[in-house]
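Here the structure is laid out as structure tokens; the discussion comes afterwards.
No lab work stands behind these numbers, since they all come straight from the coordinates. What you are looking at is a predicted structure, and each value in this text was computed from that prediction instead of being measured. Please note: Cβ atoms are built from the backbone with ideal geometry, for glycine as well, and neighbour counts cover all protein chains shown.
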Amino acid sequence: MSPEDFLKEIQAIGEKFLLKLQKLPKADPVEIASFSVVLLFIATVLVLTIIACSCCCYSCCGCDGRPDPRHKKSRVRPAAR
């Protein structure tokens, strides 16, 4: 997919979303509730993705962006009998 096609697709999705928002005050309660659930789901996925990425980045790298040598992975060996 070329960048122009991608931008057109994003623009089409945005226009559909704005059209849906404009029609929302006249919609029936079921449609309002379903639209709210979809928005809540999208927001939750975005927030959880941001939290996961920030936690992963923080555990691998310090605030300066360099790997922290204290967090090297160590191998677990079986206990000797």
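Just to check I understand the Karplus step: with θ = phi - 60° and J = 6.51 cos²θ - 1.76 cosθ + 1.60, what whole-Hz values come out for segment 34-51, glycine and proline as x?
5, 5, 5, 5, 5, 5, 5, 4, 4, 5, 5, 4, 5, 5, 5, 5, 5, 5
With the crude spin-label approximation of a point 7 Å out along Cα→Cβ, what separation in nm comes out for A12 versus A43?
2.8 nm
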